[in-house]
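Working notes, structure below.
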């Protein structure tokens, strides 16, 4: 009986790994869709447009606290990496 309760609690909590995998899968689907549409995936593109699919995903998984944390961690890392790539590639060209 206790094992059933523990499994239900774990399912309600989710896992950080699951949240990370969901966001990475969404990034891959987004990148493939842009490639198929003939667009080039830039750091700026995934950096800003990720909020279109990350915010609804985070709202959906808000009750699963660990999955929610994984989503926030992965989207934060993507945001920082995209901002860094944008800064390295675009800022030097702005001051020429």
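If a spin label sat at a point 7 angstrom from the Cα of residue 31 along the line to its beta carbon, the backbone N atoms of the stretch 53-80 nearer than 16 Å would be those of 74-80.
Multiplying the residue separation of residue 72 and residue 18 by 0.36 nm and removing their Cα-Cα distance gives an extension gain of 18.3 nm.
No lab work stands behind these numbers, since they all come straight from the coordinates. The shown structure was predicted, so the numbers you read here are calculated from the model rather than taken from an experiment. Note that we place each Cβ from the backbone using ideal geometry, even for glycine, and neighbour counts take in every protein chain shown.
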